[in-house]
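None of the figures in this text is laboratory data; all of them are computed from the coordinates on show. No experiment lies behind these values; they were computed from the predicted model shown. Note: ideal-geometry Cβ built from the backbone for every residue, glycine included; neighbour counts use all protein chains shown.
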DNA sequence: TATTGTTATACTCTATAACTATA
DNA sequence: TATAGTTATAGAGTATAACAATA
């Protein structure tokens with residue numbers, strides 16, 4: 001019924017929603033599979049958070065919506081690989097502050113570069129008009145994603 | 001260097017690649033997290049394959065790029081939940097043919113409907129010009145995703 | 001006493017190696 | 001002998017419950 005009333009108001013909005021959703025999900029999936037990431041998705045997500053700023057274990061667990069023990073495990077794995085470092089909180093002795101190492105920072109940068117490259121190669125075959133459509137669409141999609 | 005030569009040929013193509021990639025990945029991530037899927041991602045992926053046609057365990061394992069024992073496990077879980085059924089291959093007694101049950105088929109349909117609904121709600125706030133841009137962009141993105 | 005993080009334990013999904021049944 | 005699938009076992013990821021250290 002939601003579908004029916006929408007279709008009545010805006011012809012073919014349902015089709016657009018389906019096609020756009022599928023295109024976004026397929027592109028996202030292929031980037032994940034084909035850009036040769038060297039860390040697992042859940043690890044990369046933590047590295048990106050730490051690229052913004054250093055965070056405690058609890059902060060990371062809440063941000064990533066996993067339990068504290070899971071985050072302890074993930075952080076330990078990243079420490080073993082030399083991608084992040086642990087430090088005592090200056091005032092609160094209970095907290096552990098996790099931050100990126102230089103290796104961690106360059107891993108984030110390299111992964112982003114490879115992903116952007118994947119997309120850039122595919123945009124490279126498009127003509128000027130198509131690129132202009134995508135430029136306008138990207139601004140709209142960014143708002144949709146941020147909402 | 002690839003980046004530099006691209007930028008020389010097509011101003012700001014690198015920025016478009018980055019922004020478009022991020023928008024697609026964020027939308028895809030939010031759909032996955034927020035549309036209330038009732039099966040896990042690897043399970044849903046198998047259901048979608050079986051929605052195309054019935055397949056053997058080996059076929060599914062190759063298509064999903066997991067090992068045969070992993071696919072045996074995944075299929076067993078789906079059988080327990082009543083979403084797929086196993087059957088003997090008519091000629092080759094070694095093979096097991098897996099197909100969707102009615103419940104499995106409606107699960108695929110419902111999951112897709114909820115995902116489309118997520119996107120449709122967000123498209124609902126856009127104006128006619130913005131929707132027209134997204135319509136044109138979707139056709140281009142579908143080609144990019146299929147390439 | 002409340003909060004932060006770790007340890008203990010268990011469940012799921014992944015894999016490889018070894019095995020069974022069939023071609 | 002080769003192929004399809006299962007069972008055995010192990011390695012990560014997830015979780016909750018119980019615990020230690022600190023506020």
Expressed in nm to one decimal, what extension gain is obtained for the pair residue A:15 and residue A:34 from 0.36 nm per residue of sequence separation less their Cα-Cα distance? 4.0 nm
Cβ neighbours within 10 Å from other chains - mean over A:28-40: 2
Take the Cα of residue A:99, step 7 Å along the line toward its Cβ, and report every residue of the range A:49-74 whose backbone nitrogen sits under 15 Å from that point. A:50-57
Mind sorting B:46, A:108, A:75, B:121 by how few other Cβ atoms lie within 10 Å of their own Cβ, fewest first? B:121, A:108, A:75, B:46
At 222 nm, what value in deg cm²/dmol follows for chain B if DSSP H runs of at least 4 each add -39500 (n - 2.57) and the sum is divided by all its residues, to the nearest 500? -23000 deg cm²/dmol
Could you tell me how many degrees, from 0 to 90 and to the nearest 10, lie between the Cα long axis of helix A:41-52 and the main elongation axis, the longest principal axis, of the Cα atoms of chain A? 80
From other protein chains only, count the Cβ atoms within 10 Å of every residue's Cβ in A:108-121, then give the mean. 4
Can you sort B:67, A:99 by how many other beta carbons sit within 10 Å, fewest first? B:67, A:99
For the range B:39-146, convex hull volume per residue from C-alpha positions, Å³: 121
Under the 0.36 nm per residue contour assumption, what length would be gained going from the current alpha-carbon distance of residue A:88 and residue A:42 to full extension? 14.2 nm
Quick check: Cα centre of the range A:58-73 to Cα centre of the range B:95-124, how many Å? 30
If you line up the long axis of helix A:102-123 against the longest principal axis of chain A, both from Cα atoms, how many degrees apart are they, to the nearest 10? 10
Could you work out how far helix B:68-80 tilts from the main Cα principal axis of chain B, as a 0 to 90 degree angle to the nearest 10? 80
Neighbouring Cβ atoms within 10 Å as the yardstick, rank A:38, B:116 fewest first. A:38, B:116
